[in-house]
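Below is one structure; the comments refer to it alone.
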Amino acid sequence: MDVLVQLIDATIRVSVPLLLACLAGLYSERAGIFDIGLEGKMLAGAFAGASAAAVTGSAWVGLGAAILTAVCFALVHGFASITHRGNQIVSGVAINFIAAGSTIILGQAWFKQGGRTPSLSGGGRFEAITLPGAEAVKDVPILGTIYSDILSGHSLLVYVAFLMVPFTWWVLFRTRFGLRLRAVGENPAAVDTAGISVAWLRYRAVICTGILTGIAGAYLSVAQNAGFVKDMTAGKGFIALAALIFAKWKPVPAMFACLLFGFLEAASIRFQGMAWPMIGKVPVQLMQALPYILTVILLAGFIGKAIPPRAGGVPYVKER
Amino acid sequence: MSTPYTKLPGWADYGLIPIINLIVAFIVAGLVVLLVGENPLHAAAVLVDGAFGSGQNIAYTLFYATNFIFTGLAVAVAFHCGLFNIGGEGQAYIGGLGVALVCLALDGFMPWWLIFPLAILGSAALGALWALIPAYLQAKRGSHIVITTIMFNFIAASVMVYLLVDVLKPAGSMAPQTRDFLPSAQLPKMGWLLEMFGLSVRSAPLNISFLLALVMAFLVWVLIWRTKLGYEIRTMGFSPKAARYAGISETRIIIITMMISGALAGMMALNPIMGDQHRVQLDFVTGAGFVGIAVALMGRSHPAGIVPAAILFGVLYQGGAELAFEMPAISRDMIVIIQGLVILFAGALEHMFRPAIQTLFASISPRSVGVTAAKGEGV
């Protein structure tokens, strides 16, 4: 029982950055801008967040810096792919490299700790929040355990991430902005004909992406860990991308896909080297590769078909 | 911006614009150097000296360039078909498995000149195989090749970690790597080439896979511009619709192109494994697969551009290592930034300066821009 509770708890914690990055990608890709630079933006956000939090001692300043930095990177992506109609994949790749290199170089130059930022403590971090009444109901069987050990005791950003799921759903499917955002990803010419600026709409979408990847980065370096270490995103941006495809570009399935991939990661850490009945020892590398393998199988069309937004990846040209 | 892609004279299109893009990328990189509190001009001087200062440095520069020629060609071949192969990293990693299997099996009883061709085949075959699955999925099931090749990079890393830790590691050893190859599976060094010019090379790992890379660059040129298959590949890249209309099989071309691309990426493994380390280690590719993207974009997917672009990145790699000694604030990761900036300015923003240059050309001599000829030609 304890193992199960710990496993679910760990799943939630590792799913959060995936979920935030995945929702971030959702805004951009639904607007027709492919974004394989989620990884880079998250990394840049994590670095900026940890640096600002280390200097000021405030986690909130860190969060702000993370969001600001990630939005700047997102705007570079927007500038290249919206204004200059560049190749969106190429631009995303560029952003990943610029983020990977500059976080190490600047980290070393500013803090001289081999690319790390100073360790954060106290107000420099988002501490775990105990939900009201968690202590009181702790002894109630099952429900009490779920409430006090699984739901309670996470940092603020965890709750923010999960609240972003219904919020994103509401924005995309119940607001005018969301309708237009989805339309611009399917048929930008129609949106343009209606007198709405395609470029401005897409810029707003990539800004949303920047904000969410910034929060994801801040979660990594200011909440989950106490500081930035180099390359700390370690492919999470790509797993988020995989989850986005897995969820067929929908917010609620995105949450379940992220929880699934988070569970695989948590389980691969928890059961490392354990021998299973019947199958024997499962190599830990297989567990780590499973999200990618599942995504490839999905993309191959063996588990339903993932159809991307129709105008995705195509720069919009008004007329010639 | 009504006719954004009017024609420029060839030298401006293939010379001026890429050079301007490159210069902008380096200026921004210089700003980063400034930001960490070093003098960018001094850094550049140290870098160039580190890359060309002695025979040994030149040999190292060319050694790194060899990797980037292979991966740059791999990306370029796929570009010609309109495919973006981000999977060079994984294909090279798995290619290393091919090299390892050949060398570990044969290094006891064959000379290097027999093992080398087999190792070429081994690396190319496994690299091609690793590109085959994404290619098949793109051609037959319509899954986006960019995403599948990214996924295959991660899967390749997991496979290789598993193999090196659990299968190929010799018993009793702690380090996750294969046993050392016997001398008969080690490629001859090419120091003599530089020593002919009176330079001292000492132990630099430049080896004959550099020549193989140049041969491959030539063969890629022949393939793309002098064969029927190359014509079909370019047609597919230029306009899939036209290719289909001309009776070219989309499936066949995509699969063949990606396998060639994967094979070229796989061959990159020969250089560090047989030429330098003489064993397979974790992460021996060290990002060369990704550098290939920058190299291909900078070289405009033409072998004549890729070789100098690869040498430029060789300069950055080798010079960057020397730079890290001189200026501890600038580690080798500076290259990663430069690589990203080159990809950004030479790739995603390649048309940023075009309108300005066109206006400039048009104001100097309207005929050179061919305003009338280009009407209706914009894609």
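The values are calculated or read from the model by the stated rules, or taken from the named source; none is laboratory data. It should be emphasised that the depicted structure is a prediction, and the values quoted were computed from it without experimental measurement. Here the Cβ positions follow ideal geometry from the backbone for every residue, glycine too, while neighbour counts run over all protein chains shown.
Annotations for the structure displayed:
- Just one of the listed residues (B:Gly198, B:Gly122, B:Gly191) is in contact with a helix residue (DSSP H, G or I) (Cβ under 9 Å, 6 or more places away or on another chain), surrounded by 23 or more Cβ atoms within 10 Å (Cβ to Cβ) and away from chain A (no Cβ under 14 Å), namely B:Gly122.
- Under the condition of being modelled with pLDDT under 90, away from chain A (no Cβ under 13 Å) and buried (at least 24 other Cβ atoms within 10 Å of the Cβ), the residues counted in the range B:296-306 number 1.
- Only a single item in (1) under 18 Å from B:Asp180 (Cβ atoms); (2) modelled with pLDDT under 90; (3) part of a helix (DSSP H, G or I) is not met by B:Phe116, and it is number (2).
- Residue match in the range B:318-334 (condition: within 30 Å of B:Leu163 (Cβ to Cβ), hydrophobic (A, V, I, L, M, F, W, C), more than 10 Å from chain A (Cβ to nearest Cβ) and surrounded by fewer than 19 Cβ atoms within 10 Å (Cβ to Cβ)): yes
- Residues in the range A:82-93 that are within 17 Å of B:Ile86 (Cα to Cα) and more than 7 Å from every other protein chain (Cβ to nearest Cβ): A:Gln88, A:Gly92.
- Restricting attention to the range B:123-169, the residues that are under 17 Å from B:Cys81 (Cβ atoms) and of a type in the set (S, T, N, Q) total 4.
- In summary, A:Thr103 fulfils each of the numbered conditions (1) touching a Lys or Arg at 6+ places or on another chain (Cβ under 9 Å); (2) of a type outside the set (A, V, I, L, M); (3) closer than 25 Å to B:Gly82 by Cα with the single exception of condition (3).
- Among the residues listed as B:Leu106, B:Leu129, B:Leu62, the single one being modelled with pLDDT under 90 and among the aliphatic types (A, V, I, L, M): B:Leu106
- Residue list for the range B:343-359, restricted to those being within 8 Å of another protein chain (Cβ to nearest Cβ) and either part of a helix (DSSP H, G or I) or modelled with pLDDT of 85 or more (or both): B:Ile343, B:Leu344, B:Gly347, B:Ala348
Here's the yes/no breakdown for (1) closer than 24 Å to A:Leu172 by Cα; (2) in contact with a Ser or Thr (Cβ under 6 Å, 6 or more places away or on another chain); (3) small (Gly, Ala, Ser):
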{"site": "A:Val229", "(1), (2), (3)": "no, no, no"}
{"site": "A:Met232", "(1), (2), (3)": "no, no, no"}
{"site": "A:Lys248", "(1), (2), (3)": "yes, no, no"}
{"site": "A:Glu265", "(1), (2), (3)": "no, no, no"}
{"site": "A:Ser268", "(1), (2), (3)": "no, no, yes"}
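- In the range A:53-60 there is at least one residue that is more than 14 Å from every other protein chain (Cβ to nearest Cβ) and on the phi > 0 side of the Ramachandran plot.
- Contact annotation: no residue pair with Cβ atoms under 6 Å, 6 or more positions apart or on different chains, pairs a residue in the range B:273-291 that is free of Cβ contacts under 8 Å to residues at least 60 places away in the same chain with a partner that is of a type in the set (D, E, K, R).
- Across the range A:22-81, the qualifying residues are those that are part of a helix (DSSP H, G or I) and of a type in the set (Ser, Thr, Tyr), and the one among them that is surrounded by the most Cβ atoms within 10 Å (Cβ to Cβ) is A:Ser28.
- The range A:129-151 - residue that is free of Cβ contacts under 8 Å to residues at least 40 places away in the same chain and assigned to a helix (DSSP H, G or I) and, of those, surrounded by the fewest Cβ atoms within 10 Å (Cβ to Cβ): A:Leu143
- Tally, over the range A:82-109, of residues that are modelled with pLDDT of 85 or more, in a helix (DSSP H, G or I) and not aliphatic (A, V, I, L, M): 10
- A:Phe126 satisfies every condition listed in (1) surrounded by 21 or more Cβ atoms within 10 Å (Cβ to Cβ); (2) modelled with pLDDT under 85; (3) over 20 Å from the mean Cα position of the chain (by Cα) except (3).
- Residue check, A:Val252 more than 10 Å from the chain's Cα centre (by Cα), assigned to a helix (DSSP H, G or I) and within 14 Å of another protein chain (Cβ to nearest Cβ): no
- Filter pass, A:Gly64 being away from chain B (no Cβ under 14 Å) and modelled with pLDDT of 90 or more: yes
- Listing of helices (runs of 4 or more DSSP H) fully contained in the range B:10-100 that carry 1 or more residues being within 30 Å of B:Pro170 (Cβ to Cβ): B:55-80
- Which listed residue is in a helix (DSSP H, G or I), free of Cβ contacts under 8 Å to residues at least 40 places away in the same chain and crowded, with 21+ Cβ neighbours inside 10 Å, from A:Val191, A:Val171: A:Val191
- Yes/no for B:Ala309 being away from chain A (no Cβ under 12 Å), in contact with a Lys or Arg (Cβ under 7 Å, 6 or more places away or on another chain) and part of a helix (DSSP H, G or I): no
- Of the residues making up the range B:129-166, just one is more than 10 Å from every other protein chain (Cβ to nearest Cβ) and either free of Cβ contacts under 8 Å to residues at least 12 places away in the same chain or surrounded by fewer than 17 Cβ atoms within 10 Å (Cβ to Cβ) (or both), namely B:Leu132.
- Comparison of B:Thr235, B:Thr227 shows that the only residue that is of a type in the set (Ser, Thr, Tyr) and buried (at least 16 other Cβ atoms within 10 Å of the Cβ) is B:Thr235.
- The conditions of being within 14 Å of chain A (Cβ to nearest Cβ) and either under 24 Å from B:Met268 (Cα atoms) or buried (at least 22 other Cβ atoms within 10 Å of the Cβ) (or both) are not met by B:Asn207.
- Count - residues of the range A:94-114 that are crowded, with 21+ Cβ neighbours inside 10 Å and either more than 8 Å from chain B (Cβ to nearest Cβ) or touching a residue at least 60 places away in the same chain (Cβ under 8 Å) (or both): 6
- Residue tally, condition modelled with pLDDT under 85 and either outside any loop (DSSP other than H, G, I, E, B) or on the phi > 0 side of the Ramachandran plot (or both), over the range A:228-241: 3
- Count of residues meeting criterion [surrounded by 15 or more Cβ atoms within 10 Å (Cβ to Cβ), modelled with pLDDT under 80, assigned to a helix (DSSP H, G or I) and of a type in the set (Val, Ile, Thr)] in the range A:255-307: 2
- B:Ser123 of a type in the set (S, T, N, Q) and modelled with pLDDT of 90 or more: yes
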